[in-house]
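Here's the structure, in C-alpha cells; my notes come after.
The values are calculated or read from the model by the stated rules, or taken from the named source; none is laboratory data. Since the structure is predicted, the reported quantities are computational estimates derived from the model, not experimental observations. Here the Cβ is made from the backbone with ideal geometry for all residues, glycine too, and neighbour counts use every protein chain on show.
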Amino acid sequence: MAIELPKGTLITQLDSLVSWCRKNSLWPMPFATACCGIELMATGASTHDLARFGAEVFRFSPRQCDLMIVAGRVVMKMMPVLQRVWLQMHEPKWCIAMGACASTGGVFDTYSVVQGIDRFIPVDVYVPGCPPRPEQLLQAIIDLQEKIQREGTTWCREFSLPERQKLPRALREEV
Amino acid sequence: MEPVLPLFLLVLCGVGLGLVLLVLGQIVNPRRSSRVKRMPYESGVDPFHDARRHVDVRFYLLAIAFLVFDVELLFLYPWAVASGPAPAHVPAAAVVASSTVETDSAPSKVADPSPTTTGARNVAPGIDAAVAAGTVESRHFVFGGTMVFVGLLALGLVYDWRKGVFQWR
C-alpha cells in the first residue's frame, strides 16, 4: 500500500471485521428434540463451556438468534415448526445439524422421520455421532466460525446467492 | 467539580457507547423482512387467538384477597422475629432493620405517630430493646397494634366470605 502508516496500525476489510464480530458472538437457538439435546446442554454447561467461543447465550426466540442448532430427530409433523422458526430468524443466520438423526435421519429410516433436515432448510455444518460428544459440537462451532470468517459479508450477500437460493426447501424465503 | 468528573466521563461513555452501537446496527445490519418474520412467535405454530383476552373477573377478586393476606404475612414475619430474643448469630444490622420495620408498621395501624423509626436504628435489636430505649411504650402495645391489624384483615375475610368471593359460580 502506498500510504505510509504509523507502526502498529492494523488495517482490515469491513467484511472481515464484521464477520469477526459475528463469529465470536453467535447466539444459538436450541432446537433440541431428542437425546442430542442433552449433549447440547452439556456443551453449554461449565465443563465444556461454550462461552469460550462466545456462543453461550441460548435464546428461545428466533428474533434474537443467529445460529440454529437442530439437535435430534425431526419428524414430518415437526417440520413446519422448524421451518417457521428458521424463517423467523434474521440474517445472518446459520444452522448446525447435530447428530446422525438431524443430518440423515439416523437409524429412523421410516416414513415419518425427516431423512436429514437439509431437505428443507440449508445446513452449514453437520455433526456426526449418536449423540455426538460436546467436543464434536465445539469443533462444529469452530468450523462454523471459520466459515463465517471466510465468506461472511457485511450486508449478508452470501445469503442471497443464487446457489444458496437454489437449495432444496419447501418454503421459499419470500420478501 | 473535580470529584464529579469521573462520573461525568462514565455517563458520557455509557450513553456514547449505546448511541454508537445503535447507529452501527442501523448501518451494518441487513434488513430483510418477510411475511413469516412479521408473524407473532408462538413457538413455530399458528397463533390461534389474540393475545389480549378477557379474563374472568373472579380471578381479580381472588387475586385481591390473596394479595391482602400476602401482605399481612409480610408484616407479621418481622413482628414475630422481633418479638423473640435476638439470636446471637444474626448480625446486629439485620435485626435492627427488622425491628425498625416492626416499630414502623405495627403501631401505625392504630394511627399513633409517636414511635419514631430513627430512634430504633441505634439501639439493640428486638421489641424488648425498643421498649428499654423508650421508642415503644410496651410489649402489649405492639401486640395490640398487630392484633388490630390482623383483626381488620379478618373482618375483610368475613366480608369476602359473606359476599361469596370464595364460591366459584
Any chance B:V68 is in a helix (DSSP H, G or I) and in contact with a helix residue (DSSP H, G or I) (Cβ under 9 Å, 6 or more places away or on another chain): yes
All positions within the stretch B:134-169 that are exposed (fewer than 14 other Cβ atoms within 10 Å of the Cβ) and among the aromatic types (F, W, Y): B:Y159, B:W161, B:F166, B:W168
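Being within 14 Å of another protein chain (Cβ to nearest Cβ), small (G, A, S), farther than 16 Å from A:V125 by Cα and surrounded by fewer than 17 Cβ atoms within 10 Å (Cβ to Cβ) is the requirement here; does A:S16 meet it?
yes
So that you can scan it fast, the table gives a plain yes or no per residue for (1) within 17 Å of the chain's Cα centre (by Cα); (2) modelled with pLDDT of 85 or more; (3) closer than 30 Å to A:P62 by Cα; (4) away from every other protein chain (no Cβ under 14 Å):
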position: B:E42; (1), (2), (3), (4): no, yes, yes, no
position: B:D50; (1), (2), (3), (4): no, no, yes, yes
position: B:F69; (1), (2), (3), (4): yes, no, no, yes
position: B:V90; (1), (2), (3), (4): no, no, no, yes
position: B:S99; (1), (2), (3), (4): no, no, no, yes
position: B:G119; (1), (2), (3), (4): no, no, no, yes
position: B:N122; (1), (2), (3), (4): no, no, no, yes
Single unsatisfied condition, B:A94 versus (1) among the hydrophobic types (A, V, I, L, M, F, W, C); (2) modelled with pLDDT under 55; (3) closer than 30 Å to B:F166 by Cβ; (4) exposed (fewer than 15 other Cβ atoms within 10 Å of the Cβ): (3)
Residue in the stretch A:127-143 that is within 17 Å of A:P62 (Cβ to Cβ) and part of a loop (DSSP other than H, G, I, E, B) present: no
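Of everything in the stretch A:64-109, what is among the small types (G, A, S) and either within 11 Å of another protein chain (Cβ to nearest Cβ) or more than 21 Å from A:T43 (Cβ to Cβ) (or both)? Give them in sequence order.
Answer for the stretch A:64-109, where residues must be among the small types (G, A, S) and either within 11 Å of another protein chain (Cβ to nearest Cβ) or more than 21 Å from A:T43 (Cβ to Cβ) (or both): just A:G105.
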Checklist (1) within 28 Å of A:C21 (Cα to Cα); (2) outside any helix (DSSP H, G or I); (3) out of contact with any helix residue (DSSP H, G or I) (no Cβ under 6 Å at 6 or more places or on another chain) applied to A:I121, failing item: (3)
Residue in the stretch A:48-69 that is more than 27 Å from A:T154 (Cβ to Cβ), in contact with a helix residue (DSSP H, G or I) (Cβ under 6 Å, 6 or more places away or on another chain) and of a type in the set (A, V, I, L, M, F, W, C) present: no
Condition check for B:L12: loosely packed, with under 10 Cβ neighbours inside 10 Å, in a helix (DSSP H, G or I), more than 14 Å from chain A (Cβ to nearest Cβ) and out of contact with any strand residue (DSSP E or B) (no Cβ under 8 Å at 6 or more places or on another chain): no
Tabulated pairs, the stretch B:54-65, first without any contact (Cβ under 8 Å) to a residue 60 or more places away in the chain, second not in a helix (DSSP H, G or I), C-beta under 9 angstrom, 6+ apart or interchain: B:I64/B:V165
Given (1) more than 10 Å from chain A (Cβ to nearest Cβ); (2) exposed (fewer than 10 other Cβ atoms within 10 Å of the Cβ), index of the condition B:R38 fails: (1)
